[in-house]
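The values are calculated or read from the model by the stated rules, or taken from the named source; none is laboratory data. Since the structure is predicted, the reported quantities are computational estimates derived from the model, not experimental observations. In this analysis, Cβ positions are derived from the backbone assuming ideal geometry, glycine residues included, and neighbour counts consider all displayed protein chains. Side chains included, ligands, DNA and RNA excluded: accessible areas come from the protein's heavy atoms. Shrake-Rupley method; radii C 1.70, N 1.55, O 1.52, S 1.80 Å.
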Amino acid sequence: MLPFALGFLLVILQPSTGQFPRVCANMQSLLSKECCPPWDGDGSPCGELSSRGSCQNILLSQAPLGPQFPFSGVDDREEWPSVFYNRTCRCEGNFMGYNCGECKFGFSGLNCTERQVKTRRNIFQLTTSEKNKFLAYLNLAKNIPSQDYVIATGTYTQMNNGSNPMFRDINVYDLFVWMHYYASRDTLLGGSNVWRDIDFAHEAPGFLPWHRAFLLMWERQIQKITGDENFTIPYWDWRDAEDCGVCNDEYMGGRHPTNPNLLSPASIFSSWQVICTRSEEYNSQQALCSATSEGPIRRNPGNNDKSRTPRLPSSADVEFCLSLTQYESGPMDKMANYSFRNTLEGFADPQTAISNPSQSGLHNALHIYMNGSMSQVQGSANDPIFVLHHAFVDSIFERWLRRHRPMLEVYPAANAPIGHNRENYMVPFIPLYRNGEFFKPSRELGYDYAYLQEPALESFQDFLTPYLQQARQIWAWLVGAAVFGGIVTAVLTRHIRACWKKKGGTSSEIQPLLIESEDYNNITYQSNF
C-alpha cells in the first residue's frame, strides 16, 4: 500500500497543463514578465541542458483582427499572454509543458518518441466497472487541489501591474471550469461598464480547436491524478435522443424528488458546488470570478424554452452539417452563413446553414436543453455532462476533417474576431498553443473515437467523398488529358511500326540469341502494344 501511495503522490506532483503556473505566480515573474521554470530532470530552465527547450521571447501574430472588439489595451487577454509574460519556454521536438517536462499529445516515453493513439468510447458501451471508475475520477478531480496551477483573482491592473500578485489555489476540476469562464467572460471597462461581444472560445473559428485542446488537457489531468495513463473521456451520442439518457443516478445524476431543478441526492454530483456563475455580479464589481462556491449544480433537462430549442439534434442535422464544405465564412462570428463551424456550434440552422441566433441548434441545443448550469456559457463546465457533450461535438469536428481533408490554410489567418486567427495563442492556456495547432486529425494528437473506427459504409463514404469532389473539379482536364494521350499513343505506335518494317529485311545476326522466330514476333507485338 505504501509504494502505491508514494507512486500516486509522484504522479500528482508532475507538471500539468492549465492556466497560471504556480512557480510563475509571483511578483518577480510578473515584473520580469518571464515564465521559464526549471525542469526537474536537470534543474535548468525549460530543460535546456537536456535539449528539451529554451526560454524565448513570445512571437505574437501581427495579422489584423475583425471589427467585433473596437478596443485596445483594456483587456488582459489581448495578445495573450503578453500582459503577464513575454518570455516563456519554447519546447523542442515532441516535448511540451510550461517547463518542457511533458510529451506532446500523442507521444509518450522517457524521450517522448513513442507514438500512441487512445480510443474515446461511448459512455453507454463502458462496462459497469469502467463507468464507475469514470465517475470516481470526476469526483477525485473535484476534491484534489491542483499542484502546479493557480487562478488569478484580479486583473493585471488590480495586481498593480504585477507588484501585488492576486492568485489562489483551486481543485483540478474547477481549474478547468475557471479557464472556460475566463476565456468567455466579458471585458471590464471600468465603472460599471463592460463589453459583452467578446469570447476567446466561442462564436468564432477557434470554437472547435479551443475545445479540442481543452478536452485533451482535461483528459491528461485525469490521467495524472489517477495514475491511469489509459484513461480517455467517454462521449454521449445524443443524436435522435428523446430525452437525457445520461440524466439518471447510474450515470450523471437524476432529478431531485422534490426539486426538479436539482440533482438526486443519490448522485455523487448532488454535493458538488458550482463556481463562476454570477457574471452580472462580477461585472458590477469589476471583478474576476474568485472560484468561491455558489451553490449546487442546477439541471432540469427538457423543461427549457421550446420556442428556442424544440428538440434535441437529429442524425439528419448532423449529416447536413457535415456536408458543408466551408469551415468558416463571412464575418466569422455567430452571423456566418454556410459555415460548418457556426452550424455545428448552433448559431446557424442545421437544415439550411443560415444564421439564426434566436434559435439553438446542435451544440447550443444541448446546453439550452439542460436548462440549468449547462445553459450559461461562462459557468457551463460546472456540470460534468459538459465533458461528455463536448467529446461528441469534437467527434463531429473529426468526421468533418476526415471527410473534407482541409489544408491548414482553410483555417482563417486574419480578420477573425479577437483571439481567433490561426496564429493567435489560445486564452488562457500556459503552455502556449495556437489555434491552428489543433486544426488537424485527432489521430495526430493521439486519440480516436470508437464509432469512427468501425468499417461501416458511412466511414467508407467519408473516405471517398473528398476524392470524388476533387474528381468533379478536374473532370474536364482528365478527359482532355485522355484524348491528348490517345493521340500521342497513336502517333508513336504508327512511327514504331514503320521503323520495324524498315528493319524487317536485316540479317539473322541482329536477332536476339536463343529466341525462335515466332517468339521474336510475339515480343515485337508486345512492345508495340
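Being part of a loop (DSSP other than H, G, I, E, B), under 18 Å from Tyr369 (Cα atoms), under 26 Å from the mean Cα position of the chain (by Cα) and of a type in the set (A, V, I, L, M, F, W, C) is a condition met by at least one residue of segment 303-325. Segment 78-188 holds strands (runs of 3 or more DSSP E) entirely within its bounds, and those carrying 1 or more residues that are closer than 26 Å to Phe392 by Cβ and at pLDDT 95 or above map to 118-120. One residue stands out in segment 363-378 among those that are open to solvent by 30 Å² or more (accessible area, probe 1.4 Å) and assigned to a loop (DSSP other than H, G, I, E, B): the one that is farthest from Tyr181 (Cα to Cα), namely Asn371.
Yes/no matrix, rows are residues, columns are (1) assigned to a loop (DSSP other than H, G, I, E, B); (2) free of Cβ contacts under 8 Å to residues at least 40 places away in the same chain:
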{"position": "Ala241", "(1), (2)": "yes, no"}
{"position": "Cys247", "(1), (2)": "yes, no"}
{"position": "Phe269", "(1), (2)": "no, no"}
{"position": "Glu280", "(1), (2)": "no, yes"}
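Whenever a residue of segment 32-61 is farther than 18 Å from Phe429 by Cβ, its partners that are open to solvent by less than 30 Å² (accessible area, probe 1.4 Å) and at pLDDT below 95, lying with C-beta atoms within less than 9 angstrom and at least six residues away or across chains, give the pairs Trp39/Pro15; Asp40/Pro15. Hey, Gly302 hits all of (1) open to solvent by 70 Å² or more (accessible area, probe 1.4 Å); (2) closer than 27 Å to Arg185 by Cα but one; which does it fall short on? Only one criterion is unmet by Gly302, namely (1).
Taking the conditions exactly as written (buried (at least 16 other Cβ atoms within 10 Å of the Cβ), in a helix (DSSP H, G or I) and in contact with a Pro (Cβ under 9 Å, 6 or more places away or on another chain)), does Phe214 satisfy them or not?
no
What number of residues in segment 339-362 are under 18 Å from Arg403 (Cα atoms) and either open to solvent by 60 Å² or more (accessible area, probe 1.4 Å) or in contact (Cβ under 8 Å) with a residue 60 or more places away in the chain (or both)? Counting residues in segment 339-362 that are under 18 Å from Arg403 (Cα atoms) and either open to solvent by 60 Å² or more (accessible area, probe 1.4 Å) or in contact (Cβ under 8 Å) with a residue 60 or more places away in the chain (or both) gives 3.
With respect to the conditions (1) among the small types (Gly, Ala, Ser); (2) in a helix (DSSP H, G or I); (3) within 14 Å of Phe207 (Cα to Cα), Ala381 falls short on a single one, namely (3).
Residue check: is Phe200 of a type in the set (Phe, Trp, Tyr) and either assigned to a helix (DSSP H, G or I) or over 25 Å from Met179 (Cα atoms) (or both)? Taking the combined requirement at face value, the residue does not satisfy it.
Among Gly162, Gly106, which is open to solvent by less than 20 Å² (accessible area, probe 1.4 Å) and out of contact with any Gly (no Cβ under 9 Å at 6 or more places or on another chain)?
Gly162
Is it fair to say Ala336 is open to solvent by less than 10 Å² (accessible area, probe 1.4 Å), farther than 13 Å from Pro209 by Cβ, assigned to a loop (DSSP other than H, G, I, E, B) and of a type in the set (Gly, Ala, Ser)? For Ala336, the condition - open to solvent by less than 10 Å² (accessible area, probe 1.4 Å), farther than 13 Å from Pro209 by Cβ, assigned to a loop (DSSP other than H, G, I, E, B) and of a type in the set (Gly, Ala, Ser) - is met. Are any residues in segment 22-77 hydroxyl-bearing (Ser, Thr, Tyr), within 30 Å of Gly190 (Cα to Cα) and either at pLDDT below 95 or in a loop (DSSP other than H, G, I, E, B) (or both), and if so, which ones? Listed by number, the residues that qualify are Ser61, Ser72.
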